[in-house]
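What follows is a single structure, written as structure tokens, with notes after it.
The values are calculated or read from the model by the stated rules, or taken from the named source; none is laboratory data. From a predicted model like this one, the values you see are computed outputs, not experimental measurements. A quick note on method: Cβ atoms are made from the backbone with ideal geometry, for glycine too, and the neighbour counts reach across all protein chains shown. Heads up: the accessible areas ignore ligands, DNA and RNA and are worked out on the full protein's heavy atoms, side chains in. Shrake-Rupley method; radii C 1.70, N 1.55, O 1.52, S 1.80 Å.
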Amino acid sequence: MRDLSAVIKAYDVRGTVPDQLDVELARLVGAAFVEVLRAGSDLGDSIVIGHDMRPSGPKLVDAFTHGVTSHGADVVQIGLQSTDGLYFASGSLGVPGAMFTASHNPAQYNGIKLCRAYAAPVGQDTGLADVRRMIEQDAIPAYDGQPGSVSQRDTLPAYAAYLRDLVDLTKIRPLRVVVDAGNGMGGHTVPVVLDGLPLDVVPMYFELDGTFPNHEANPIEPDNLRDLQARVVTEHADIGLAFDGDADRCFVVDERGQIVNPSALTALIAARELAKHPGATIIHNLITSRAVPEVIAESGGHPVRTRVGHSYIKAEMASSGAVFGGEHSGHFYFADFWRADSGMLAALHTLAALGEQDRPLSQLLAEYERYVASGEINSTVADSAAKTAEVQAAFADLTGATVDHLDGMTITTDNWWFNLRPSNTEPLLRLNVEAGDQVTMEKVRDEVLAIIRGGAA
């Protein structure tokens with residue numbers, strides 16, 4: 001029995017190529033995925049497959065395709081595509097999908113993101129554990145029927161048209177926009193989506209190159225935004241956009257070259273969605289700024305707080321009927337995009353909001369940036385639970401403080417809050433602190449870090 005716990009993870013398949021993820025494993029995942037879908041009676045007519053610009057993608061796609069067709073399912077290959085482009089294909093065609101990408105990971109990685117029809121996520125609790133079990137136990141059911149067929153389809157034009165129907169940019173004022181694609185899939189999708197709009201696009205690193213020669217395609221790390229920040233200033237641009245490797249996340253830089261807090265974008269887009277859907281529910285995870293639920297309530301909406309992670313966001317959106325969900329990691333989810341995340345759709349909303357009025361982006365977003373945040377701070381610990389308990393004990397007698405354990409531990413007062421939660425995959429504790437002013441934020445941050453990093457637990 002082989003152990004695939006290091007490769008088939010909570011939300012996707014991911015590993016280094018070829019030592020962890022090779023063509024044989026890709027073939028087996030394809031075959032097992034078909035059987036999981038068949039067992040749930042939601043196989044449908046075909047499975048749509050896309051891949052990003054990583055050099056290992058085409059061979060892995062071919063192997064996965066063989067696994068799928070050898071178990072009787074048809075395949076529609078859409079070639080080079082962003083992850084949200086794959087979700088569009090799954091949603092618009094009403095079929096399950098597989099996207100070959102390792103998102104923001106370095107060049108030696110690749111992976112597979114699976115979804116059911118209409119972009120419904122596949123994670124450990126919704127089929128991925130069954131895929132892993134079948135492969136580990138050599139228990140993929142035999143199939144001796146007619147093999148499936150393979151066809152190719154270009155879904156990029158329809159994807160672009162669909163997004164532009166959701167957000168109308170044709171009447172905005174002209175904007176100068178610097179876009180850093182990080183040599184990822186934004187370089188493939190941005191020119192098609194933004195073509196013909198009143199935008200003067202300045203491209204950075206649009207060449208598709210899975211070796212990432214300029215910087216990692218991971219814009220959540222500030223170092224990877226420095227080139228964009230400088231270029232926005234030198235170009236006298238109105239806005240800068242940065243996409244990760246598979247272009248499902250978007251980060252924004254304002255006209256001063258300052259990085260925009262993703263919580264501010266969540267609040268901005270939430271207000272826009274509530275203007276279209278008065279009184280609707282909006283999802284936000286528990287490490288977004290407290291400005292987010294404030295803006296939602298002020299805009300007449302119903303804020304719902306959830307755990308960190310796309311599976312929790314999407315599940316809560318489905319059960320609550322929410323129209324939009326935002327995460328501080330730069331993932332934005334839209335009910336009118338099959339509840340899937342789309343960095344491009346978030347970018348279009350931001351461009352529309354900026355172009356529909358005359359203020360610069362920094363002034364437009366000022367009303368949504370009400371607090372001071374630490375950003376996520378990671379600490380290596382031997383025992384996350386013990387350290388968390390130690391921190392909770394230190395704040396136990398604080399008057400007016402509340403504690404909850406929705407995801408890790410969150411302690412909240414009138415003027416500040418912090419969340420401490422363990423990593424699912426590493427011996428890390430992740431700390432996020434927010435306060436009404438810089439001095440208070442730093443005081444709370446330093447007090448918590450002194451406890452986390454000061455003992456042996």
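Of all the residues that make up segment 87-103, how many are outside any helix (DSSP H, G or I) and either open to solvent by 10 Å² or more (accessible area, probe 1.4 Å) or over 10 Å from Gly50 (Cα atoms) (or both)?
Residues in segment 87-103 being outside any helix (DSSP H, G or I) and either open to solvent by 10 Å² or more (accessible area, probe 1.4 Å) or over 10 Å from Gly50 (Cα atoms) (or both): 5 in total.
Among the listed residues Leu420, Leu428, which satisfies the condition of being within 24 Å of the chain's Cα centre (by Cα) and at pLDDT 95 or above?
It is Leu420.
Condition check ((1) touching a Pro at 6+ places or on another chain (Cβ under 6 Å); (2) over 30 Å from Pro174 (Cβ atoms); (3) among the aliphatic types (A, V, I, L, M); (4) touching a residue at least 12 places away in the same chain (Cβ under 8 Å)) across all residues:
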site	(1), (2), (3), (4)
Ser311	yes, yes, no, yes
Glu316	no, yes, no, yes
Ser319	no, yes, no, no
Glu327	no, yes, no, yes
Arg359	no, no, no, no
Tyr371	no, yes, no, yes
Thr399	no, yes, no, no
Trp416	no, yes, no, yes
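Just checking, which of Asp84, Asp52, Asp19 is among the charged types (D, E, K, R) and either open to solvent by 10 Å² or more (accessible area, probe 1.4 Å) or modelled with pLDDT under 95 (or both)? Give the derivation first.
Details: Asp84 fails: either open to solvent by 10 Å² or more (accessible area, probe 1.4 Å) or modelled with pLDDT under 95 (or both); Asp52 fails: either open to solvent by 10 Å² or more (accessible area, probe 1.4 Å) or modelled with pLDDT under 95 (or both).
Step by step, each of Asp84, Asp52, Asp19 is checked, and only Asp19 is among the charged types (D, E, K, R) and either open to solvent by 10 Å² or more (accessible area, probe 1.4 Å) or modelled with pLDDT under 95 (or both).
Please tell me if Asp144 is within 27 Å of the chain's Cα centre (by Cα), surrounded by fewer than 17 Cβ atoms within 10 Å (Cβ to Cβ) and acidic (Asp, Glu). Spell out the reasoning first.
On the way: within 27 Å of the chain's Cα centre (by Cα): no; surrounded by fewer than 17 Cβ atoms within 10 Å (Cβ to Cβ): yes; acidic (Asp, Glu): yes.
Criteria not met by Asp144.
Exactly one condition in (1) of a type in the set (Val, Ile, Thr); (2) buried (at least 18 other Cβ atoms within 10 Å of the Cβ); (3) at pLDDT below 95 is false for Thr211; which is it?
(2)
Inside segment 302-345, can you point out the residues that are of a type in the set (S, T, N, Q), open to solvent by less than 30 Å² (accessible area, probe 1.4 Å) and outside any loop (DSSP other than H, G, I, E, B)?
The answer is Thr306, and nothing else.
Could you give me the residue pairs with C-beta distances under 8 Å whose first residue belongs to segment 196-214 and is more than 16 Å from Met53 (Cβ to Cβ) and touching a residue at least 24 places away in the same chain (Cβ under 8 Å), whose second residue is open to solvent by 30 Å² or more (accessible area, probe 1.4 Å) and part of a strand (DSSP E or B) wherever it lies, and which are 6+ apart or on separate chains?
Once the first residue is more than 16 Å from Met53 (Cβ to Cβ) and touching a residue at least 24 places away in the same chain (Cβ under 8 Å) and sits in segment 196-214, its partners that are open to solvent by 30 Å² or more (accessible area, probe 1.4 Å) and part of a strand (DSSP E or B) give Leu199/Arg176; Asp200/Arg176; Val202/Arg176.
Tell me the residue from Gly196, Gly184 that is part of a loop (DSSP other than H, G, I, E, B) and crowded, with 22+ Cβ neighbours inside 10 Å, please.
Gly184
What is the residue count in segment 66-104 for residues that are within 20 Å of the chain's Cα centre (by Cα) and within 19 Å of Leu208 (Cα to Cα)?
The total comes to 13.
Give all pairs with beta carbons closer than 6 Å in which a residue from segment 105-118 that is assigned to a strand (DSSP E or B) meets a residue that is open to solvent by 10 Å² or more (accessible area, probe 1.4 Å) and among the polar types (S, T, N, Q); count only pairs at least 6 apart in sequence or on separate chains.
Tyr109/Thr16; Asn110/Ser56
So which residues in segment 372-388 are part of a loop (DSSP other than H, G, I, E, B) and buried (at least 17 other Cβ atoms within 10 Å of the Cβ), if there are any at all?
Ser374, Val381
Looking at (1) modelled with pLDDT of 95 or more; (2) open to solvent by 30 Å² or more (accessible area, probe 1.4 Å); (3) touching a Lys or Arg at 6+ places or on another chain (Cβ under 9 Å); (4) over 30 Å from Met441 (Cα atoms), find the lone condition where Glu294 falls short.
Of everything listed in (1) modelled with pLDDT of 95 or more; (2) open to solvent by 30 Å² or more (accessible area, probe 1.4 Å); (3) touching a Lys or Arg at 6+ places or on another chain (Cβ under 9 Å); (4) over 30 Å from Met441 (Cα atoms), Glu294 misses just condition (4).
Which helices (runs of 4 or more DSSP H) does segment 225-298 wholly contain that include 1 or more residues that are closer than 19 Å to Ala373 by Cα? Walk me through it before giving the result.
Details: elements: 226-234, 262-276, 291-298.
Where helices (runs of 4 or more DSSP H) fall fully within segment 225-298 and carry at least 1 residues being closer than 19 Å to Ala373 by Cα, they are 262-276, 291-298.
Quick one: Ile269 ticks every box in (1) within 22 Å of Asn424 (Cβ to Cβ); (2) touching a residue at least 40 places away in the same chain (Cβ under 8 Å) bar one, so which box is it?
So the condition that Ile269 fails would be (1).
State all residues of segment 66-81 that are in contact (Cβ under 8 Å) with a residue 40 or more places away in the chain and open to solvent by 10 Å² or more (accessible area, probe 1.4 Å); if no residue qualifies, say none.
Applying the first criterion (in contact (Cβ under 8 Å) with a residue 40 or more places away in the chain) to segment 66-81 yields 67-81.
Residues satisfying the conditions are Thr69, Ser70, His71, Gly72, Asp74, Val76, Gln77, Ile78, Gly79, Leu80.
Those residues that are open to solvent by 70 Å² or more (accessible area, probe 1.4 Å) and either small (Gly, Ala, Ser) or touching a residue at least 24 places away in the same chain (Cβ under 8 Å) (or both), I need them from segment 155-170; list them, please. Let's see the steps before the verdict.
From segment 155-170, those open to solvent by 70 Å² or more (accessible area, probe 1.4 Å) are 157, 164-165, 168, 170; that's our starting set.
Of everything in segment 155-170, those that are open to solvent by 70 Å² or more (accessible area, probe 1.4 Å) and either small (Gly, Ala, Ser) or touching a residue at least 24 places away in the same chain (Cβ under 8 Å) (or both) turn out to be Pro157, Arg164, Asp168, Thr170.
Give all pairs with beta carbons closer than 9 Å in which a residue from segment 220-242 that is over 12 Å from Val177 (Cβ atoms) meets a residue that is surrounded by fewer than 24 Cβ atoms within 10 Å (Cβ to Cβ) and hydroxyl-bearing (Ser, Thr, Tyr); count only pairs at least 6 apart in sequence or on separate chains.
That search, which allows pairs on different chains as well, returns Ile220/Ser329; Asp227/Tyr205.
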